[in-house]
Amino acid sequence: SPCSILSYVVGLGWFLALPCQPLAPRTYMSENAMGSTMVEEQFLFGERALSYAREFAGHKKKVGGMPVAWLEKTMWSLGLEVHRQPFARTLPFPDETRERYMVRGTNVYGILRAPRAASTEALVLSVPCSEGPQNSQALGLMLALAAHFRSQIYWAKDIIFLVNEHDLLGMEAWLEAYHDVNLTEVQSSGLLGRAGAIQAAISLELSSDVVTSIDVAVEGLNGQLPNLDLLNLFHAFCQKNGLLCTIQGKLPRPEGDSLPAYAHSLQMLLLMVLAQASGWPRGDHGLFLRYRIEAITLRGINSFRQYKYDMTTLGKTLEGMFRKLNNLLERLHQSYFFYLLPSLSRFISIGLYMPAFGFLILVLILKISFWGQGGPGDAAADGAGPSLGLAPRRPRALPALPHRGHHPARHQQLPAVQVRHDYPGQHVATQHFPVSESEAVVLTVIAIYLAGMALPHNTHRALTGGSNDRGWMTLKLLALLYLALLLGCLALLNFSLGSLPAATMVPAAAAVTPNGPKVLLAALLVVATPAGTAL
């Protein structure tokens, strides 16, 4: 109908208009305790950071992994309270680099106790210890900052300097042990030393002596985002110290009403939507967000740009951020938790981007009201159009109803775990077929997906015996209801994950009927499925 087409076009047009400046106001600091960058940074240990980095890289190469003993000795010499945490994790499938099911590692962390307060609150500076020479400079800068922070007396919060092995696995093991929970079956010896409740965390990744820019990552697990004030704090200190900061790995463009400026903002917005919809954390900070800890990841970029920034400039930026976070009287809560970023200096709040999704879902609501009132053709003439009161004659036909609505919830969201829990037959498959467990899970998902596509072909016959159109109309009514509810719930939790499938599935689900060119409509349905969107 024209109303449905208009609603869909308005929804897409609204989204495309979001990068425009009237809909994307400038960012501002909402937390009073962090409203100014008027602190005098005193960090001058840039050369010392490089010395630590070279020494760490040498010991790492010598032992063939993370030099735990050297880290403990160095942190003790800086006056920190040092602890280690051995952990092990049994993987459901072997990792990509090595065919291993068991991952073992050790986290090392040092605590700088606040001299002016009890250990009730804490901040975290973490550095992942990856394989190879990566992140040596980040660890050197962290140790130099620890030495500088140790000489200051104004700290009101404990500061934890954490070196986690195996990236996300080590970070999850440490967070679970710190909060005394076990969500992922990580085997850990627990933590002997704790600080206060963690208020904020910064993860640092740096692999060169100088950088041309600092890229910030905000997307966390399942699309969670940190409080916008933490990002504003980073942007403010970068501007103060003349440090070039980027997001999504793209250099900022001059703002204005020109077409290139709009195209760049739209590109940044779409990159963030794709990253958020994937559900994958773009750094170690993403796991902190699960525990209501505001966190971001900072990555040093060394490109071919002529102007370089040294370790002293980076250290001053981090020092200023930690001094401002040290002033917090409560958790960050004044600013937004749901937003999109066309640039670091502008944001789009949830009140502005949700109407775009609302217009997309309105298409389904219009169709539901249309079918519920009687629908088209002969069914409307019968005076008993499709409605929820038309129950299927055989209960076995009901599993076909979630055909279109079932898949968005699995769109890049733990499909292997779902099959592993509901269909443990991959163990049997590996015994009778020359496939691995991971291949068996993927093949099972594909088989279930293809079988789900074929179910509606016979469902409407089971509902009505093939005598008229009431069967497929009832099926479509229930499918539209299910799809609208599921996409709506997804968008409330993760706007990007709900809107991307909606943009492709809504027109196909609303328009397709059995009375058309079957090959063309079948191709449209296949392309519009979440699997087609992901591909």
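The values are calculated or read from the model by the stated rules, or taken from the named source; none is laboratory data. Computed from a predicted model, the values in this text were never measured in an experiment. When we count neighbours, we look across all protein chains shown, and the Cβ atoms used for this are built from the backbone with ideal geometry, even at glycine. The accessibility values were calculated without ligands, DNA or RNA, using every heavy atom of the protein model including side chains. Shrake-Rupley method; radii C 1.70, N 1.55, O 1.52, S 1.80 Å.
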Residue count, segment 33-67 (criterion: open to solvent by less than 30 Å² (accessible area, probe 1.4 Å) and in contact with a Pro (Cβ under 9 Å, 6 or more places away or on another chain)): 2
Could you run through segment 51-79 and say how many residues are in a loop (DSSP other than H, G, I, E, B), free of Cβ contacts under 8 Å to residues at least 24 places away in the same chain and either under 26 Å from ARG113 (Cβ atoms) or charged (D, E, K, R) (or both)? 1
First in segment 280-299 and within 11 Å of ALA200 (Cβ to Cβ) and among the β-branched types (Val, Ile, Thr), second anywhere and assigned to a strand (DSSP E or B) and open to solvent by less than 10 Å² (accessible area, probe 1.4 Å), Cβ under 6 Å, 6 or more apart: ILE293/ILE198; ILE293/ALA201; ILE296/VAL216
Of GLN85, GLN137, the only residue that is of a type outside the set (A, V, I, L, M, F, W, C), surrounded by 19 or more Cβ atoms within 10 Å (Cβ to Cβ) and in a helix (DSSP H, G or I) is GLN137
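With the structure loaded, tell me whether LEU228 is over 17 Å from ALA122 (Cβ atoms), within 20 Å of the chain's Cα centre (by Cα) and either crowded, with 22+ Cβ neighbours inside 10 Å or basic (Lys, Arg) (or both) or whether it fails that test.
It is true that LEU228 is over 17 Å from ALA122 (Cβ atoms), within 20 Å of the chain's Cα centre (by Cα) and either crowded, with 22+ Cβ neighbours inside 10 Å or basic (Lys, Arg) (or both).
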Output yes when any residue across segment 17-30 is open to solvent by 70 Å² or more (accessible area, probe 1.4 Å) and in contact (Cβ under 8 Å) with a residue 40 or more places away in the chain, and no when none is. yes
Residues in segment 340-379 that are modelled with pLDDT under 75, in a helix (DSSP H, G or I) and open to solvent by less than 50 Å² (accessible area, probe 1.4 Å) total 3
Segment 250-261 - residue that is more than 26 Å from ARG299 (Cα to Cα) and open to solvent by less than 80 Å² (accessible area, probe 1.4 Å) and, of those, modelled with the lowest pLDDT: GLY256
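Keeping to segment 240-264, report how many residues are assigned to a helix (DSSP H, G or I) and out of contact with any Cys (no Cβ under 8 Å at 6 or more places or on another chain).
Count: 6.
A quick yes/no check of all residues on (1) outside the structural domain of GLU47 (by the TED database); (2) in contact with a Gly (Cβ under 9 Å, 6 or more places away or on another chain); (3) outside any loop (DSSP other than H, G, I, E, B); (4) open to solvent by 10 Å² or more (accessible area, probe 1.4 Å):
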{"site": "ARG116", "(1), (2), (3), (4)": "no, no, no, yes"}
{"site": "PRO133", "(1), (2), (3), (4)": "no, no, no, yes"}
{"site": "LEU141", "(1), (2), (3), (4)": "no, yes, yes, no"}
{"site": "ALA156", "(1), (2), (3), (4)": "no, no, no, yes"}
{"site": "LEU162", "(1), (2), (3), (4)": "no, yes, yes, no"}
{"site": "GLU172", "(1), (2), (3), (4)": "no, no, yes, yes"}
{"site": "GLY190", "(1), (2), (3), (4)": "no, no, no, yes"}
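On the basis of being at negative phi, of a type in the set (Lys, Arg) and in contact with a Phe, Trp or Tyr (Cβ under 8 Å, 6 or more places away or on another chain), does ARG116 make the cut?
Yes; evaluated as a whole, the condition is true for this residue.
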Looking for something at pLDDT below 90 and not β-branched (Val, Ile, Thr) - is there at least one such residue anywhere in segment 3-16? yes
Taking segment 467-507 and keeping only residues that are among the polar types (S, T, N, Q) and over 19 Å from the mean Cα position of the chain (by Cα), one is left with SER467, ASN468, THR474, THR504
